[in-house]
Structure formats: C-alpha cells, structure tokens
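Trainee: Quick one: the structure is below, and I'll ask about it shortly.
Bear in mind that the values in this text are calculations on the coordinates, not laboratory data. Please read all numbers here as calculations on a predicted model, not as lab measurements. For neighbour counting, all protein chains shown are included, and Cβ atoms are generated from backbone atoms with ideal geometry for every residue, glycine included.
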Amino acid sequence: MTTARADALALDREDPLAAFRARFRLPDRVVYLDGNSLGALPKATPARLAAVIEDEWGEGLIRSWNRHGWIELPRRVGDKIGRLIGARPGEVVVADSTSVNLFKLMSAALRLRPERRIIVSESENFPSDLYVAQGLIDLLGARHELRLATPETLDAALDDDVALVLLTHVNYRSGRMHDMEAVTRRAHQRGALMLWDLAHSAGALPVDLAACDADLAVGCGYKYLNGGPGAPAFLHVAERLQAEFRSPLTGWLGHAAPFDFDWRFRPAPGIASAIVGTPPILSLAALEVGVDLALEADLAAVRAKSLALARLFMERVAASCAGLGLTLASPSRDDERGSQICYAHSEGYAVMQALIARGVIGDFRAPDILRFGFTPLYTSFADVWDAVEALRAVLTSGEWDRPELRQRAAVT
Ligand SMILES: Cc1ncc(COP(=O)(O)O)c(C=O)c1O
C-alpha cells in the first residue's frame, strides 16, 4: 500500500523503465496524463527533423527519395510498428490518418465478403470509426447495415450475414479492453472478417495480431507512439489476405510500378497497394523516432508499470477523494482495461480545466468523463500521487466552479 508520497518516490526508484523519462521533453511543474491523446516529444525528434530538413531536403533535394530512402519510409516504419503489435514483416504500412485507413480496410473487407451485408460494431466505438462505416455504406448504395452491439451483446449480434466486425481494442473513453484473441475467434467462426482499431493499444501494451490470427488493423501514430500532432497512422493487412486485398483508393504510389506512369491501375504486391499518394516525410521521420524509442522498451514491463500506475491512481482516489462526486468509469479489473483510468463527474469539464490550471493535464470526454492516460515510458508514480492530490484539492476547494472554466474550448 502506498500511503505517502515517499512511497511513490520509492516505486520510481525501483522502476525498470525510469530511465526513459529523461528521453522525453516534459515541461517543469506539469504532470502529463494525456499521452493517450497526444504523446510527449522525444528529445531526439527535433535534431532528427532538423537533419531531415537541412541535409536530406535542403542539400539532397529530390535525390533524397532514393539516397535517403524516403520512398521506403512508409514500409520501414510500418515494419517497426509491426514489431510492437505482433505483425509479420510486410503486414503493416504507415499512411494517411486512422480514419482514412479505416475507410480503405472496411471497403476492402466488404469486397472480400460480397454476399454479406452487415458491419458489426459498438455504439461506444470511437465516433470516427462509426462515421466512416456510415459514409462507406452510403457510398455503396445503402445495401449494407451497421449493426451496433455492446461488449455484452456482441456474440448475439454475430450471424452468417456479418461481413466485418469493427472494434477498437481499448475503448477511447472508458479504457475497457476487448479480449482480442477470443473476439477474433468468434468473428471467424461466423465467417466474418475482424478489423481492430489499435489507437489506444499500439505502444501501450503487448498486442499479438499474428497469434490472434487477426485480419485487419489500424492505429494512430500520435498517441503512445509519440510521433507528434497529426502523425501519420498505420494499417495492417494479414499476409494471407494480401493477394485478394483491394484498396478503394487507388493512387499512384499503390501501383506496382508508379514510375512507369501507365494509365492502367495495377496494384503493387503486398501491403504497398494500401499506400495512396506521396508520404509525408517530415512527419514520418518524427514518427520513426518515437517508434524506435518504443522498441527499446520491453512491452511486458510497459504493461506491468501501466497497471501499477492505474492501481495506484484508483487506490489514491478511493483513499482521498471519497464522497467528492467521482465515479469510476473504467473497469477495475486489470485484464479488462487498457492504459487509462476514467472517472465520471457531473462537472467533469470544469474540473478538468481546474486541474490543467494546476499543471495536471488529462482531458475530458463528453458527457462527463475525466480521462487520465498513463504512458509508462514517462509517467512516474510520483506523477500519479501528485495528480490525485491535485484532484482532491480541486474538488474540496470548489475552485472548478467558475464560469470561465465551463466555457468549452474547441478541443476538450
Ligand atoms: C480509437 C480511435 N480511432 C480513430 C481515431 C481517429 O484517428 P485520426 O484522427 O488519425 O483519423 C482516434 C483518434 O483519437 C481514436 O481514438
């Protein structure tokens, strides 16, 4: 039991991942618990970007596409991400945003199951996943249907008309985590394809797509992979599906021979056919730094620390914030939760603004959720201690109760 700040500091001294914190730039007097939304800046990123800009772009100019392997970057960084999510080489590529990749993969999945009409997902899924599904159904002439389930009704929603099961592994709001292996197996038993959104999983906890026999996956580069705001996303297509896989966005860099400039589209072999246009080299270079850093860490240790941080957070909230209007909105069981903890509070937005004013940065998700993400490479046990102390102070003082703190900003 951690009952004093000194105990939290002792946990930090024993932490096998503690040295990673110095590899990130974190502002003084800030407790950053929002790496699940935007990862922190690796200290190596500015120098790498400066080198890409000054040397590769400035000096190398267009020669750098070959000389510095720019053209290979989407696949090179994709393979590195693949190692974090248990994919085989050649199964992952970096491209576009998560939403665009969802469109490409959902569309390809429906083509692979032409006789089936249903996409199963959750009403609690990240809205963009559901919006893209709706847009695609509309584009395809409203012949398909989006069937929404809950984790409890998922099995009942699976029947022989289901083409695709579309789920986010770790829920963006509650942090609830699916059993990837079991759900994939059940989808396959019904003959459906399975598409996993790994936005809140990649780099945060061990994922083994190959062991789960997963079909398709997507994920973000700017969360636990620390690629920077708007970093490009990744997509995964299992090797066994690649020969039949057809992206609906047939751009020149997904062509088998882009520099033949043939007018007829011929897909590149393998995962490369999922690339559309020119890759964003500066963003990819920044993402590679974050991914390389993640690859240095043992993901089992990352997961163990993430769970210990979350347990300490819950323990401290129970001990010092009882009766202050917080309700745990994440699963309390470790094996059902990703790397974040959420609490509902009727004035959640203003409470989070007051916390941020004290230097404790989490975020708010409508309608009433305070969200705290743990990024084991740089979140310390002392951070967790200090965050809960600040939360208690905000709630007992009532300092959140000011009109300006209720004024919603564009990004919450
Ligand atoms: C689970 C999940 N899926 C998809 C997205 C959307 O990603 P993008 O903005 O790259 O399209 C997010 C963004 O936060 C997310 O959390």
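Trainee: Considering only DSSP beta bridges with both partners in the chain, what is the antiparallel share in %, to the nearest 5?
Mentor: Given both bridge residues lie in the chain, the antiparallel proportion sits at roughly 55 percent.
Trainee: In segment 333-388, which trypsin sites (Lys or Arg not before Pro) fall in coil by DSSP and have 14 or fewer other Cβ atoms within 10 Å?
Mentor: On the way: sites: 333, 337, 358, 365, 371; in loops: 333, 358.
Within segment 333-388, the qualifying trypsin sites (Lys or Arg not before Pro) (loop, at most 14 other Cβ atoms within 10 Å) are 333.
Trainee: Testing the spin-label approximation: label points 7 Å from Cα along Cα→Cβ at residue 292 and residue 179. State their distance in nm.
Mentor: Result for the modelled spin labels: 4.0 nm.
Trainee: With a bin width of 20 angstrom, please list the P(r) values of the chain as percents of all Cα-Cα pairs, from the 0 bin to the one holding the largest distance.
Mentor: 26, 55, 19, 0
Trainee: Mind checking the angle between helix 281-296 and the chain's longest principal axis? C-alpha axes, 0 to 90 degrees, to the nearest 10.
Mentor: With rounding to tens, the tilt is 60 degrees.
Trainee: Let me ask another. Where in the chain lies the longest segment free of chymotrypsin sites (Phe, Trp or Tyr not before Pro) that are both loop residues by DSSP (not H, G, I, E, B) and have at most 16 other Cβ atoms within 10 Å? Intermediate values should be presented prior to the final figure.
Mentor: Details: sites that count: 261, 263, 265.
For chymotrypsin sites (Phe, Trp or Tyr not before Pro) (loop position, at most 16 other Cβ atoms within 10 Å), the longest site-free span of the chain is 1-260.
Trainee: Now a separate question. Filter the trypsin sites (Lys or Arg not before Pro) in segment 1-32 to those in DSSP coil with at most 11 other Cβ atoms within 10 Å of their Cβ, and list the result. Don't jump to the answer; show the numbers that get you there.
Mentor: Numbers: sites: 5, 13, 21, 23, 25, 29; in loops: 29.
Loop-located and lightly packed - 29.
Trainee: Still on this model: Cα-Cα pairs above 21 Å in segment 222-303: how many percent?
Mentor: Details: 1545 of 3321 pairs.
So the pairs more than 21 Å apart make up 47 percent of the total in segment 222-303.
Trainee: Rounded if a/c is under 1.5, else prolate if a/b beats b/c, else oblate: with a ≥ b ≥ c from the C-alpha gyration tensor eigenvalues square-rooted, which is segment 275-412?
Mentor: Working: a/c = 2.26, a/b = 1.43, b/c = 1.58.
In terms of gyration-tensor shape, oblate.
Trainee: If you line up the long axis of helix 127-139 against the longest principal axis of the chain, both from Cα atoms, how many degrees apart are they, to the nearest 10?
Mentor: So the helix axis and the longest Cα principal axis differ by about 30 degrees.
Trainee: For residue 411 and residue 44, FRET efficiency with R0 = 41 Å and r from the beta-carbon atoms, rounded to 0.05? Spell out each step's value before the answer.
Mentor: On the way: r = 27 Å, r/R0 = 0.65.
So, using R0 = 41 Å, E works out to roughly 0.95.
Trainee: Roughly what angle does helix 299-320 make with the longest principal axis of the chain, taking Cα atoms, 0 to 90 degrees, to the nearest 10?
Mentor: Taking the Cα atoms of the chain, the angle to 299-320 is about 40 degrees.
Trainee: Next up: Once a ≥ b ≥ c are taken as the square roots of the eigenvalues of the Cα gyration tensor of segment 1-110, is the result rounded (a/c under 1.5), prolate (a/b larger than b/c) or oblate (a/b not larger than b/c)? Write down the numbers at each step before the final one.
Mentor: Details: a/c = 2.56, a/b = 1.51, b/c = 1.70.
Oblate.
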